[in-house]
Every structure is written in structure tokens, then in C-alpha cells.
Amino acid sequence: MFLAMLLPVASMSHQEPAGASTWTAIDWPYPRDGWPAGHAFRCAPSSCGAPAVLTLRVKLGMCNCDTGVRDDLEVDGLSDVDLISSTFVPLAPGTLFQAGALRGRMREYEAVIDGARKRLVGVVLSRGCDVVAASLVTPDRDRRDWTGDFTRLLQNLP
Amino acid sequence: MSLPCAKWTSVLSIAACFLLSNAVHAKEQAIGDPPEAKNMELVGWNDLQQRSAYQPTVFHQGNRWIAYIGHHGGTEAVPRPVNPLTGQAEFNGTSIIDVTDPAKPVYLHHIPGQEGLGESGAAQMTRVCSGAQLPKGDKNTIYLLRTFGNIAHEIWNVTDPAAPKLVSRIEGQLKDTHKSWWECDTGIAYLVSGAPGWRTRRMTQVYDLSDPAHPVKIRDFGLPGQQPGSSGSVPTELHGPISAGPDSNRVYFGYGTNKGGIIQIVDRKKLLEGPSEPTPENLKAPEISQLALSPLIGAHTVLPLLKMPIPEFKNDKDGQTRDMVMIVDESLVNECAEARQMVWFADITVEARPMVVSNFTVDEASGDFCQRGGRFGSHSSNEATFAIFNKKVVFVTFFNAGVRAIDIRDPFRPKEIGYFIPAITQATTPRCVKINGADRCKTAIQSNNVEIDDRGYVYVVDRANTGVHILKLSDETLKSIGQ
């Protein structure tokens, strides 16, 4: 409901990737933390080219009600990539990300999980005092642009 | 339940839909309703020019008592309220009120703050020290330390509180500021800032302000992982420190508002005299211990209550006296769409093993507070330690449940002995939640911060523009605590 409240009915600003990937809803894969669990999805290599787990959840109550997602620090701290690995390392400065009235940033990271190098993507979007956080984890070799998947799942949740 | 609610099945959605779609039949406040009170009485009131208020500090200067009250930024409707004293529109800053006669507070002056709405501008924080106490201050001068929005800290000469003069300003491309602490006997200040490069919105900048005209930086401080150049998970951001001073040699830091609270006990001498380079080792060196709270709660205020005799333990062979800290979480979200934020007491007698031993919250059902509108839950306590209430009673704001007087003489069993929920006025601004994408708003008092003076008056200020209410405990209640 909160995503429905936050997300606009209008179309998103990003294009969907060519060839619709199939995302299957799964149970929230991470331990309970300070925020209620959100929605999680899995995409098989046959559909996305690499195995991927993507999460979305709303975090009500952000202090920067007027300034919104100001910098990459917000992505590092709020996007839930720290649920995937506490030792993530950013690969580059983040980029602006907009989905309708929701504005924020996307950033990529890498981390070693159980001996395997992984690629992480974090997204934080805000409107007013509320935030939508999203994360994605795939193998390190993956180079897919996941922007459209984030956008589509934000827009078309069940 | 609306269709969007039905589409969502997570715990979050179910709980939130329930909360937000059943907001009827509550005891909502209405203009004209009297205040609600038990064992607390209204003495005086000032509307603070209808500005959203944060930190009050009341200082006994000469034969006067002066309240310095910090403000949040304005609203979209009124971003720059008019100061009736000057006739000028001024961004919210610091209100200075003569409360010598608490029944008739007199608004003396408004120092404008930074442009910005809500948390973005204004001048939220106030601390006051006398130059007679500061090691290198002018002996005849009273100094106000305040934030200037999110970008600077300022020191003002408020010897004549009706005509403040800027003394100095600490800048440095700060991205945030908040609830700082100033030791008047040493001049050491723990400024809550957001320094460039630090991976957190708020951390500590330690300054020597013993000569307020010439601030001297000592070091930057934070939790390892917040310093520039670090990576991985970012520890919870600072909310505010309270120093117990050089004799106790401890500083208590509270991290977090309504999530991921951390209490950090720090050796003051090591903090001030240790190597200042913000390496993980240097940041860890002054730390004595941490108490990680539940991720569901934060730590807005960490108030040390040291060497407290515990009546229940008086016949025990050991542990009759305990060092305690009171932890106050901050509610951040309207209409209970978050975990309950409340008050916790931790026994830190064995500093390396701090342990939460008790708690306090307002009974939600006693006022249907989740349905009244605005925030419900704790926010802030008094921080002054005047003898009349020290280690006996604390006052804690609970937003729409007003201010609560809590008997802490046995901190293992805190109990409420009074409360006051101010009435709303035409100036009280509504608080809104989204229902199916549209705002649904209610108007309720939002008691934000509270402070006491050495006479026993209690000053509670409103986040929703209703001003400052000056209160006292009833005579019977004062007697019950030995006053």
C-alpha cells in the first residue's frame, strides 16, 4: 500500500529492458532489521542472463523531507545493500534515478559473499519524508543494466 | 480496506493499512478543548511567533531567567513568519523569552536562522554558558551556542538578551547539524555536524570553545565505518552527546532516532587527548563500550544518571548505588506507522556490560494516541540537572501525548506521576498521512522538547507551532518527591 501511495500512476522515466524478464516473488530473504520486511523477487539465468535477487521496501520516516536523497551516502545507508553484505565496496559514484514523482539515486557495489564475488545494486528513491529502498544481488560477472527491472517492478508490483 | 491495501500482503502493508484506514472515533483535539493534565499545572504560555520549536534552554542570568528556544524551519504555507517586534519576515531561528515571571513570559528577540523548511533550515539547537564560568570567556558576558540551519554553529553574546550580537561562527561545508553539548566549566563543545567526506549525515566535531571568540577544533569523531574513505555498512548516525564532565571523565553518545539505536560510552580524556586522525583505530580508542539497542528503536537522548542510590537495593551487600543512563527514542512517523519509541533505563555500573533494566511508555489506550494525529511516542527529555528534580523526576515529551513527569527514584521501576497535554490553537499546524495517495490530516499537539529551570518550572515546546507552555508540578506531587 505504501508503495502504491508513493508511486505515481504515470509511467516511469526509464525504459524497460528489451525482452521482458520473469521475476518470481519469493519470501523476504534477509534477517529482520529495523524496518518491516518488503517484497522480494528472483530472476532465473534463463530469463535475466544471470541469477538475481531483487528487493523492494518502503521506509517511512526520513529526516530529509525537503531535500530528499541528496547523495550516495543515502544509497549506502538506506538501500538495503548492507543486508546482502556488510563489507560492500562502491564501484563508482551513483547516478540519478527517477520513477515518476520518486527521485533518488542508484549505485553499484561489489562484495565477497561466502567466497564468491558479487555485484550489488542499490536504489533509494524518496518523496516527502518517505523512502523506497531497493537492492539487487547478482554474480560478479553479470553486466546487465538492471534499471528497467527496478522501474518495472516498482511500477507493476502485484 | 481500499484496493491498494488489498494488493499488498506484507506485514508492513497490513499493519499500515489498518492503522491508516481506521483513523476514526479517536479523541482528536479540537480548538477550544482544555488541556489534559494530571498533577501538572499551566503557569504561562507564549506563542513563539507561531514558529515550530525544538530545543529550549533556560538560563538564570543575573536576576532574570531567560529562555532560548531553537526552531525548526517554517512551513510551506508560512516559510518566513513575520516577527511582530520588527515587522519583518524572518526565517525561523532562535526565540529569546524573558520568563522571570513565568506567568507572563515576555518575547524579547528573535535571531533569524537559515532559510529552509522543516529540518532543512532555521536554528534548532541552543546551549548557554556564562563567561564567568568559561575558562577564557569575558567574565561579564553570557554566550549562546546555537546551530545555524544545517551549515554552521554560531556563538552569540546574549548578555543583553534583547540585543544579541554575533561573536563567532564555525563553518566548513557542513551538511547537517543537530543536538550539540557544551561544557560550561571547560568550554569543550561536542558539536553535532555533518563534516565533508564523512559517511554519515551527523557526527561529532569536538571544539574548544573556552574562548568563544576563537573556537579551536580538537578532532572529528564518529563510529568506525563513518569516517572518510571507509566502505561497507554505515553505522547509525549520531543524534547527540551528553558529557558528564571532566570529573566523571565520560561522554555518552546516542546514535539513531527511531532505528538502530546505539549507546556509546566514551572516555572523555582519551577523546580529547588521543590522536585526532579519524582512523578506525583512533575512533575506537576512546570507546569504553557500546550498547546496541533493538534495531526497532533509536537513541535521541542518552541522559546519564550517575551514582543513583536504589531504595530497593539498600540492604544489599553490593550494588546499592548504580550508574544509570536514560535512553529516549524519537518517534519519527505520524499515526504510529513505526515501532513504539519510548524510554529505556540501562544499568551501566559495569561499563563494559551495559544492560537495559526497565522502560517507560505512555499507555496508548489512555488517549487513543495512535488515532489522534501526528506523532505519538517519546522524543526528548530535560537535560538540565538542577537539584529540585535531579535523579528524582525526569520530564519526557511524547508528541501528541504531551509531556510526562516520571518518578525515577527507583530507575528499575519508573512510574508516571503527572502529565500535561497542551491545548491546540488556531496556530497549531496539522499533520498528514497518505491515504490512497491523498493527504488526510489531523491537528494535534506535538510536544517536541522539554527543559527545566532551577526553580522547578518545566518548559515544553511544540513542534506544530503552538508555542511554549510553562508548567509546574502540583504542590502535592512536589511534596511527594521531597520538595
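The values are calculated or read from the model by the stated rules, or taken from the named source; none is laboratory data. As the structure is a computational prediction, the values presented were derived from the model and not from experiment. FYI the Cβ positions are ideal-geometry reconstructions off the backbone, even for glycines, and counts take in every protein chain you see.
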Open item on the list: Among the residues of region B:377-395, are any among the hydrophobic types (A, V, I, L, M, F, W, C), under 15 Å from the mean Cα position of the chain (by Cα) and crowded, with 24+ Cβ neighbours inside 10 Å?
Closed with: yes
Open item on the list: It is to be established whether one or more residues within region A:86-97 are more than 14 Å from A:W146 (Cα to Cα), polar (S, T, N, Q) and either within 10 Å of chain B (Cβ to nearest Cβ) or surrounded by fewer than 23 Cβ atoms within 10 Å (Cβ to Cβ) (or both).
Closed with: yes
- [ ] Kindly indicate whether B:N282 is out of contact with any strand residue (DSSP E or B) (no Cβ under 6 Å at 6 or more places or on another chain), polar (S, T, N, Q) and part of a helix (DSSP H, G or I).
- [x] yes
- [ ] Being buried (at least 22 other Cβ atoms within 10 Å of the Cβ) and either free of Cβ contacts under 8 Å to residues at least 40 places away in the same chain or more than 14 Å from every other protein chain (Cβ to nearest Cβ) (or both) narrows it down to one of B:G254, B:G274, so name that one.
- [x] B:G254
Open item on the list: Which of the numbered conditions does B:V266 fail, given that it passes all the others? Conditions: (1) touching a strand residue (DSSP E or B) at 6+ places or on another chain (Cβ under 9 Å); (2) β-branched (V, I, T); (3) within 14 Å of chain A (Cβ to nearest Cβ).
Closed with: (3)
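Looking only at region B:158-178, which residues are among the polar types (S, T, N, Q) and buried (at least 21 other Cβ atoms within 10 Å of the Cβ)?
The one that is among the polar types (S, T, N, Q) and buried (at least 21 other Cβ atoms within 10 Å of the Cβ): B:T177.
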- [ ] Determine if region B:349-359 includes at least one residue that is polar (S, T, N, Q), away from every other protein chain (no Cβ under 14 Å) and part of a loop (DSSP other than H, G, I, E, B).
- [x] yes
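Scan region B:217-241 for residues that are more than 14 Å from chain A (Cβ to nearest Cβ) and buried (at least 19 other Cβ atoms within 10 Å of the Cβ) and jot them down. Break it down stepwise before answering.
Residues of region B:217-241 that are more than 14 Å from chain A (Cβ to nearest Cβ), as a first pass: B:217-221, B:241.
Those that are more than 14 Å from chain A (Cβ to nearest Cβ) and buried (at least 19 other Cβ atoms within 10 Å of the Cβ): B:R219, B:D220, B:F221, B:P241.
Does B:D323 fit the bill of being in a loop (DSSP other than H, G, I, E, B) and out of contact with any Gly (no Cβ under 6 Å at 6 or more places or on another chain)? Show your work before the answer.
Values: in a loop (DSSP other than H, G, I, E, B): no; out of contact with any Gly (no Cβ under 6 Å at 6 or more places or on another chain): yes.
No; evaluated as a whole, the condition is false for this residue.
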Open item on the list: Considering only region A:141-153, I want to know if a residue exists there that is in a loop (DSSP other than H, G, I, E, B) and under 13 Å from the mean Cα position of the chain (by Cα).
Closed with: yes
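Buried (at least 18 other Cβ atoms within 10 Å of the Cβ), within 11 Å of chain A (Cβ to nearest Cβ) and modelled with pLDDT of 95 or more, is that true of B:L305?
On the way: buried (at least 18 other Cβ atoms within 10 Å of the Cβ): yes; within 11 Å of chain A (Cβ to nearest Cβ): no; modelled with pLDDT of 95 or more: yes.
When the stated conditions are applied, B:L305 does not pass them.
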TODO: Scan region B:344-367 and report the pairs whose first residue is closer than 16 Å to B:T397 by Cα and whose second residue is in a helix (DSSP H, G or I) and of a type outside the set (S, T, Y), with Cβ atoms within less than 7 Å and a gap of 6+ or a chain change.
DONE: B:V362/B:F369; B:E364/B:C370
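Scan B:A427, B:A387, B:A401 and give me the residue that is under 20 Å from B:P311 (Cβ atoms) and in a loop (DSSP other than H, G, I, E, B). Walk me through how you get there before you give the answer.
Details: B:A427 fails: under 20 Å from B:P311 (Cβ atoms); B:A401 fails: under 20 Å from B:P311 (Cβ atoms).
On inspection, the qualifying residue turns out to be B:A387.
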TODO: Quick one: which residue in B:V302, B:V328 is among the aliphatic types (A, V, I, L, M) and within 16 Å of B:F399 (Cα to Cα)?
DONE: B:V328
TODO: Go over the candidates A:D149, A:D130 one by one and state the one that is of a type outside the set (V, I, T), more than 13 Å from chain B (Cβ to nearest Cβ) and either in contact (Cβ under 8 Å) with a residue 60 or more places away in the chain or surrounded by 18 or more Cβ atoms within 10 Å (Cβ to Cβ) (or both).
DONE: A:D149
Open item on the list: Just to be sure before I move on: is A:F41 surrounded by fewer than 22 Cβ atoms within 10 Å (Cβ to Cβ), aromatic (F, W, Y), more than 23 Å from B:H178 (Cβ to Cβ) and more than 10 Å from every other protein chain (Cβ to nearest Cβ) in the structure I sent?
Closed with: yes
TODO: Output the residue which, of all residues in region B:117-127 that are within 11 Å of chain A (Cβ to nearest Cβ) and either modelled with pLDDT of 90 or more or not in a loop (DSSP other than H, G, I, E, B) (or both), is surrounded by the most Cβ atoms within 10 Å (Cβ to Cβ).
DONE: B:E119
Open item on the list: Report every pair of residues separated by at least 6 positions or lying on different chains whose Cβ atoms are under 6 Å apart, first residue within region B:134-147 and farther than 25 Å from B:Q124 by Cα, second acidic (D, E).
Closed with: B:K136/B:D211
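Take region B:42-76 and flag every residue that is of a type in the set (S, T, N, Q) and more than 14 Å from chain A (Cβ to nearest Cβ).
Looking only at region B:42-76, we keep the residues that are of a type in the set (S, T, N, Q), and these are B:46, B:49-50, B:52, B:55, B:57, B:61, B:63, B:75.
B:N46, B:Q49, B:Q50, B:Q55, B:T57, B:Q61, B:N63 - these are the residues of region B:42-76 that are of a type in the set (S, T, N, Q) and more than 14 Å from chain A (Cβ to nearest Cβ).
Just checking, which of B:T147, B:T186 is hydroxyl-bearing (S, T, Y) and in a loop (DSSP other than H, G, I, E, B)?
Working: B:T147 fails: in a loop (DSSP other than H, G, I, E, B).
Sole residue among the options that is hydroxyl-bearing (S, T, Y) and in a loop (DSSP other than H, G, I, E, B): B:T186.
Taking the conditions exactly as written (among the charged types (D, E, K, R), in contact with a strand residue (DSSP E or B) (Cβ under 9 Å, 6 or more places away or on another chain), surrounded by fewer than 22 Cβ atoms within 10 Å (Cβ to Cβ) and more than 8 Å from every other protein chain (Cβ to nearest Cβ)), does A:D80 satisfy them or not?
no
Do the conditions hold for B:W198, that is, is it more than 14 Å from chain A (Cβ to nearest Cβ), more than 22 Å from B:L291 (Cα to Cα), of a type in the set (F, W, Y) and out of contact with any Lys or Arg (no Cβ under 6 Å at 6 or more places or on another chain)?
Working: more than 14 Å from chain A (Cβ to nearest Cβ): no; more than 22 Å from B:L291 (Cα to Cα): yes; of a type in the set (F, W, Y): yes; out of contact with any Lys or Arg (no Cβ under 6 Å at 6 or more places or on another chain): yes.
Answer is no for this residue.
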TODO: Scan region B:73-105 for residues that are surrounded by fewer than 13 Cβ atoms within 10 Å (Cβ to Cβ) and not in a loop (DSSP other than H, G, I, E, B) and jot them down.
DONE: B:Q88
Task: Only listed residue being over 17 Å from the mean Cα position of the chain (by Cα), of a type outside the set (K, R) and under 30 Å from B:N258 (Cβ atoms), chosen from A:G49, A:G61 - done: A:G61
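Could you please find all residues in region A:106-151 being charged (D, E, K, R) and closer than 29 Å to B:G374 by Cα? Even if it seems obvious, please write down each step before you answer.
First, the residues of region A:106-151 that are charged (D, E, K, R): A:107-108, A:110, A:114, A:117-119, A:127, A:130, A:140-145, A:149.
Those that are charged (D, E, K, R) and closer than 29 Å to B:G374 by Cα: A:R127, A:D130.
Quick one: which residue in B:V433, B:V450 is part of a strand (DSSP E or B), under 26 Å from B:R127 (Cα atoms) and touching a residue at least 40 places away in the same chain (Cβ under 8 Å)?
Working: B:V433 fails: under 26 Å from B:R127 (Cα atoms).
Answer to the check: B:V450.
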